[in-house]
Amino acid sequence: RYVWLHDKMIKEEDAHLPFFDRGYYFGDGVYEVIRIYSGKPFMLTAHWKRLERSASEINIEMTVTKQAFSDIIFQLKEKNEIHNGYVYFQMTRGIEERQHLYSNDLSPVITAFAKESDIPLDKQKHGVSLWAMEDIRWLRCDIKTIHLLANVMAKNTAFTHGAEEALLHRGNTVTEGASTNIFLVKNGVIYTHPADNYILNGITRQVVIELAKENRFPLKETPFSLIDISENDEMFITSTTLEIVPVTCIRGSIEVTLQPGIVTRKLQAAFQAREK
Ligand code: PDD
């Protein structure tokens, strides 16, 4: 396998990472996961913009132009012959001996790899279950940082309870999943948490909002509560790797059984039909 380190593509076994990378000690860095469909990157500009924003919000100098970002993704997927899969792209603040206070003249460290990955058709068809639990993350969930311990713990707690994903809530307000955005369809209206500091503004989320507009499905970027969720509603989760996946069961803080519904199915079809 070929991976990207700093400014070039090399064999994975030749990739030696600097010992004092701040990403390793502090999770001091940002990342993106970009889908490849039939050899073509999906929503490249949106990913680059989000990376730029994430970096800027934590004062990492954005050293990667959109062209360079695009070139790295293209080269990785070509060399590794990725047909359907994704590219993981990470940028840390840089290298210096461990201290909380960072220097302003560091060069960001870039690492990226590509991976073949099928579309999870089974989950898309049959749905997944969620484990509802308190969202204990920090208050800047809008930044796509590599500091993901709370997300890692949430996902693993969900798995321990036989669920595929966590449903995170602050008090009664549903925020998002450990690595997905969450939508509720109630009386024909689609609700999802607004893109503020409590959630990551998912690229798939943004596509779903566009698709809802195009298909004239009423959609409100308004928070919904645990007590709003009833078994007559539809719920689905979205991410780059999952696309749109219905939720059929929630356990944990609440217990609800749901069916994949007509709005979810129409959005899935619209997502498939969208040019990639
Ligand atoms: N996760 N919310 C969180 C906390 C996420 O980590 C992600 C993505 C999303 C969905 O965003 P998008 O539609 O842009 O993939 C929402 C990626 C896939 C990951 O960490 O692997």
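Quick look at the values:
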| quantity | calculated |
| --- | --- |
| Sole residue being at pLDDT 95 or above and assigned to a loop (DSSP other than H, G, I, E, B), chosen from Thr248, Thr204, Thr222, Thr264 | Thr222 |
| Phe236 in a loop (DSSP other than H, G, I, E, B), under 12 Å from Tyr191 (Cβ atoms) and of a type in the set (A, V, I, L, M, F, W, C) | no |
| Sole residue being in the same structural domain as Leu130 (by TED's automatic domain parsing), over 18 Å from Lys123 (Cα atoms) and within 11 Å of the ligand (Cβ to nearest atom), chosen from Thr157, Thr175, Thr180 | Thr175 |
| Check on Ala163, more than 11 Å from the ligand (Cβ to nearest atom), surrounded by 16 or more Cβ atoms within 10 Å (Cβ to Cβ) and not in a strand (DSSP E or B) | yes |
| Residue within region 57-80 that is surrounded by 20 or more Cβ atoms within 10 Å (Cβ to Cβ) and aromatic (Phe, Trp, Tyr) present | yes |
| Filter result for Gly127 (away from the ligand (no atom under 11 Å from the Cβ) and either surrounded by 13 or more Cβ atoms within 10 Å (Cβ to Cβ) or in the same structural domain as Met43 (by TED's automatic domain parsing) (or both)) | yes |
| Cβ pairs under 9 Å, 6+ apart, first in region 113-136 and over 22 Å from Met153 (Cβ atoms), second of a type in the set (Lys, Arg) | Phe113/Arg1; Ala114/Arg1; Ala114/Lys77; Ala114/Lys79; Lys115/Arg1; Ser117/Arg35 |
| Single condition Ile73 does not satisfy, out of (1) in a helix (DSSP H, G or I); (2) farther than 24 Å from Val207 by Cβ; (3) touching a Pro at 6+ places or on another chain (Cβ under 7 Å) | (2) |
| Residue identified as basic (Lys, Arg), free of Cβ contacts under 8 Å to residues at least 60 places away in the same chain and within 17 Å of Arg205 (Cα to Cα) among Lys49, Lys8 | Lys49 |
| Condition broken by Leu148, with the remaining ones in (1) within 30 Å of Gln268 (Cβ to Cβ); (2) within 16 Å of the ligand (Cβ to nearest atom); (3) in the same structural domain as Ala15 (by TED's automatic domain parsing) satisfied | (3) |
| Condition met for Phe271 (at pLDDT 95 or above, in a helix (DSSP H, G or I), of a type in the set (Phe, Trp, Tyr) and more than 23 Å from Arg140 (Cβ to Cβ)) | yes |
| Some residue of region 222-236 being more than 18 Å from the chain's Cα centre (by Cα), surrounded by fewer than 20 Cβ atoms within 10 Å (Cβ to Cβ) and within 25 Å of Val33 (Cα to Cα) | no |
| Hits in region 101-124 (condition: buried (at least 20 other Cβ atoms within 10 Å of the Cβ) and in contact with a Gly (Cβ under 8 Å, 6 or more places away or on another chain)) | Pro108, Val109, Ala114 |
| Region 29-62, residues that are assigned to a loop (DSSP other than H, G, I, E, B), touching a helix residue (DSSP H, G or I) at 6+ places or on another chain (Cβ under 9 Å) and of a type outside the set (Phe, Trp, Tyr) | Gly39, Met43, Ile60, Glu61, Met62 |
| Selection within region 81-100 - among the acidic types (Asp, Glu) and either touching a residue at least 40 places away in the same chain (Cβ under 8 Å) or surrounded by 17 or more Cβ atoms within 10 Å (Cβ to Cβ) (or both) | Glu96, Glu97 |
| Every residue from region 189-228 that is within 11 Å of the ligand (Cβ to nearest atom), within 24 Å of Ala273 (Cα to Cα) and not polar (S, T, N, Q) | Gly202, Ile203, Arg205, Val207, Val208 |
| Condition broken by Ser103, with the remaining ones in (1) more than 17 Å from the chain's Cα centre (by Cα); (2) assigned to a strand (DSSP E or B) satisfied | (2) |
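The values are calculated or read from the model by the stated rules, or taken from the named source; none is laboratory data. In this text, all values refer to a predicted model and were calculated from it rather than measured experimentally. Backbone-built Cβ (ideal geometry, glycine too); neighbour counts: all protein chains shown.
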